[in-house]
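Shown next, in structure tokens, is the structure this report addresses.
Please treat every number below as a calculation from the coordinates, not as lab data. These numbers were taken from a predicted model, which means no experiment stands behind them. Positions of Cβ are generated from backbone atoms using ideal geometry, with glycine treated the same way; all protein chains shown enter the neighbour counts.
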Amino acid sequence: MIRASILGGSGYGGGELLRLLLGHPEVDVAQVSSRRLVGKPVGRAHPNLRGHTSLRFSDPGDLEPCDILFLALPHGQASAGWDGIEGLAPRIIDLSADFRLQDPERYEPHYGSHPRPDVVGRFTYGLAEIDREAVRRATHVATGGCNATVTLLGLLPFFAAGLADPNLTVVDVKVGSSEGGAEPNPGSHHPVRSGIVRPYAATGHRHTAEIESVLSRYGPPVRVHMSVSAVDMVRGAAALSHVFLIEPMKAKEVWAVLRDHWDGHPFVRIVAERAGTHRLPEPRLLAGTNFCDVGFELDPFSNRLVVASAIDNLVKGSAGQAVQAMNLMMGWEETAGLGFVGLFPA
Ligand SMILES: NC(=O)c1ccc[n+]([C@@H]2O[C@H](COP(=O)([O-])OP(=O)(O)OC[C@H]3O[C@@H](n4cnc5c(N)ncnc54)[C@H](OP(=O)(O)O)[C@@H]3O)[C@@H](O)[C@H]2O)c1
């Protein structure tokens with residue numbers, strides 16, 4: 001068994017990490033931090049874990065050395081506290097955007113100048129489906145953003161195979177309220193957020209840089225035109241990506257591209273139903289699971305391929321992706337601790 005700790009364990013990402021790590025066959029959870037809830041049982045922040053563990057929150061300054069440390073802090077805090085963090089564990093997995101983008105030209109337009117450019121190069125991008133071998137070799141991993149993850153897992157096969165127009169991909173993502181974290185703000189207040197379909201980033205979403213950076217590895221530079229809306233759900237991110245095919249394709253050829261690309265990837269499921277209520281991916285079915293479901297429809301009147309993909313933002317979009325990366329880094333089964341298949345109806 002290895003000893004794992006979580007810095008930032010009272011938030012939504014930290015809570016999901018804790019749930020998954022407590023059920024992991026190879027992991028003992030050593031410490032979980034919160035500044036506000038020092039000494040309180042972890043069930044105070046995560047009522048689903050009541051009676052499941054006797055762990056109490058530790059002050060962040062009291063974290064002791066462990067085998068692997070998860071960082072579930074707001075953007076900027078991992079960089080700001082790095083000098084106190086780095087000696088705590090030989091392996092570190094960060095859920096934030098601090099160390100995801102290696103190229104300052106992609107980072108700066110969205111986040112400003114990087115406070116710790118000296119640290120960025122030590123981190124490997126943690127979405128295992130992009131480069132599993134790199135994650136296996138890594139000691140420091142930055143997991144992908146939730147909207148980037150759901151988009152990339154839909155788009156990747158078509159860009160890797162050179163089938164899509166690199167300048168004209170339009171991505172429309174809908175997200176649930178838990179993406180904003182546990183800290184309330186005026187926009188998350190129930191009377192304001194309930195029932196909404198609110199475009200909160202019609203242009204300029206930060207994850208665009210991450211998506212373009214990954215897709216551009218496979219050929220010419222890729223431009224993605226992304227809009228993100230907040231909708232009335234708690235968990236989930238769903239992307240409709242409008243891909244413009246360079247050459248027309250038949251449906252069975254599109255299936256073959258998806259099948260060939262995702263063969264051997266245990267957490268990407270191709271949704272193949274031709275009819276019925278659930279013929280395209282739907283995030284509600286994925287709540288609590290580490291799956292990304294991917295499906296598509298071809299527009300019969302143009303060369304537009306609509307790729308639909310969905311995840312649970314807190315699992316495949318953050319904590320589950322982090323546990324998957326840990327499994328690879330440690331040489332364990334990639335699926336260890338991630339076996340939950342979801343609920344229906346949920
Ligand atoms: N929510 C999502 O769907 C999602 C998906 C992918 C990635 N992420 C990323 O994951 C990270 C965590 O997100 P989240 O949604 O879990 O946020 P959150 O719910 O707001 O939780 C943040 C955690 O960090 C702690 N914290 C805040 N400032 C701190 C500081 N200066 N020092 C030590 N601890 C501090 C908070 O606890 P105390 O205040 O009690 O100390 C809390 O435990 C973010 O960077 C986010 O962008 C989130």
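Observations on the model:
- Excluding same-chain neighbours fewer than eight residues apart, the lysines reachable from Lys174 by a Cα-Cα span under 26 Å are Lys316.
- The separation of segment 248-270 from segment 159-203, counted between C-alpha centres, amounts to 25 Å.
- Overall dimensions of segment 276-325 by Cα: Rg and Dmax, Å: 13.4, 43
- Residue-span extension gain [Arg259 to Leu343] - 0.36 nm each, minus C-alpha spacing: 27.7 nm
- Descending semi-axes in Å of segment 126-254, equivalent ellipsoid built from Cα gyration tensor: 28, 20, 12
- Full extension of the chain segment joining Asp62 with His242 gains 60.0 nm, where the gain is 0.36 nm per residue of separation less the Cα-Cα distance.
- Here the contact order of the chain, divided by its residue count and restricted to Cα pairs under 8 Å and six or more residues apart, works out to 18 percent.
- When peptides 303-310, 207-214, 251-258 are ranked by their average number of other Cβ atoms within 10 Å per residue, the highest-first order is 207-214, 303-310, 251-258.
- Peptides 162-169, 4-11, 329-336 ranked from most to least packed, by the mean per-residue count of other Cβ atoms within 10 Å: 4-11, 162-169, 329-336.
- Per-peptide average of other Cβ atoms within 10 Å, ordering 92-101, 217-226, 65-74 highest first: 92-101, 65-74, 217-226
- Annotation for Arg35 and Thr277: the two label points, set 7 Å from Cα along the Cα-Cβ direction, are 4.5 nm apart.
- Between segment 272-346 and segment 29-52, the Cα center-to-center distance that results, in Å: 28 Å
- Only Cα pairs under 8 Å and 6+ residues apart enter the sum, and on that basis the relative contact order of segment 1-110 stands at 26 percent.
- Taking the DSSP beta bridges with both ends in the chain, the antiparallel portion is around 45 percent.
- Eligible lysines near Lys40 by straight Cα distance, threshold 24 Å, same-chain separation 8 or greater: none
- Label-point separation in nm, Arg304 to Thr335, each point 7 Å along Cα→Cβ: 3.7 nm
- Nearest 10 degrees, 0 to 90: helix 251-262 Cα axis against the chain principal axis: 30 degrees
- Reachable aspartates and glutamates, given that their alpha-carbon falls under 14 Å from the alpha-carbon of Lys250 and they are not under 8 places away in the same chain: Glu297, Asp299
- Other-chain or far-sequence residues with amide H under 5 Å of Asp94's (modelled H): Leu71, Val141, Ala142, Thr143
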